[in-house]
Amino acid sequence: MRLSNVAKAPLLLSAALLLISSVQAHLQGHKLDDAQCRAAWAKASPDGNPVSYDRVEPYVIDSNIIDMAEDGSVSIEEFKAACLDGYMNSPEVVAKAMETQKPPPTPSENEYTRLVYSWNAAGTEARQRFREYIGKSN
């Protein structure tokens, strides 16, 4: 069954309107007061330094929107602007995220993660050669 162009137009228009309304709904954020904003930032960045997107994602509606410097990290200034401009999740969601967010990884945890990634990326043959080398050196 083929639809004529006249029949396709309303379908395309309704699909476009649905997409636009879902994007608008997604971008409808909340403003946080100064105390809520400072508390959320303290949890996202215990040392106060700029953080990666994954540290602020529980709090903001879209990390890309608030990264004004476009440097792949979020500073305290960008985070505060998001609080004032209404790019934050609801206060209830922010409070829940503050309860459940893990502390940032330590340097040793980062190093271990990189080591595991390198080991896995090396491939089976390289890992086998390494195991053989270790076995010969003992």
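Quick note: the coordinates plus some simple rules give every number you see, no bench work behind them. Fair warning: this is a prediction, and the values are worked out from it, not measured in the lab. Here the Cβ positions follow ideal geometry from the backbone for every residue, glycine too, while neighbour counts run over all protein chains shown.
Distance between the 7 Å Cα→Cβ label points at E109 and A122: 2.5 nm. Can you check what the net charge comes to around R55, using other residues whose Cβ is under 13 Å from the Cβ of R55 (Lys, Arg +1; Asp, Glu -1)? For residues surrounding R55, the net value is -3. When you filter the GluC sites (Glu not before Pro) in region 60-100 for DSSP loop state and at most 13 other Cβ atoms inside 10 Å of their Cβ, you are left with E70.
Taking amide H atoms as placed 1.01 Å from N in the peptide plane, the amide H of V60 lies under 5 Å from those of N89, each 5 or more residues away in sequence or on another chain. The slack in the chain from E92 to E77, taken as 0.36 nm per residue of separation less the alpha-carbon distance, amounts to 3.1 nm. Count Lys and Arg as plus one, Asp and Glu as minus one, and take only other residues whose Cβ is under 12 Å from that of G29; the net charge is then -1. By the count of neighbouring beta-carbon atoms within 10 Å, fewest first, M98, M88, M68 end up ordered M68, M98, M88.
For region 29-104, the Cβ-based charge dipole about the Cα centre amounts to some 320 debye (Lys, Arg positive; Asp, Glu negative; other atoms uncharged). Computed from backbone phi, the HN-Hα couplings of region 64-70 come to 5, 5, 8, 7, 5, 6, 6 Hz, rounded to whole numbers (Karplus: 6.51 cos²θ - 1.76 cosθ + 1.60, θ = phi - 60°; Gly and Pro given as x).
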